[in-house]
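Since the structure comes first, as structure tokens, the remarks are kept for the end.
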Amino acid sequence: MSYHPLSNEDGLSPEERLERVMELVNKIEPYFDQLTPKEKAFVEQMSGYLPGATPKQLFWLRDILERYQ
């Protein structure tokens, strides 16, 4: 999935973005066994992520959660 070039801005600070990433990772956890190998690797990577997550990564986590909810 491609995103509009303006998707590099989400209006969140790096700290807020990290908080949102952790929230999404926790919500995805119950569906972890259903994820594709690529999605699993990404979610695992993001679960140990330090501040610096990009808006695009945040959008991908949102997409994954929406797909499995």
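Since every read-out is calculated from the coordinates, none of them should be taken as a lab result. Nothing here was measured: the structure is a model prediction, and the numbers come from that model.
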Let me see the P(r) profile for the range 12-68: every Cα-Cα distance counted, bins of 10 Å, each bin given as a percent of all pairs.
26, 60, 15, 0
Explain nothing, just compute: Karplus ³J(HN,Hα) = 6.51 cos²θ - 1.76 cosθ + 1.60, θ = phi - 60°, for every residue of the range 23-28 in order, whole Hz, x for Gly and Pro.
4, 5, 4, 5, 6, 6
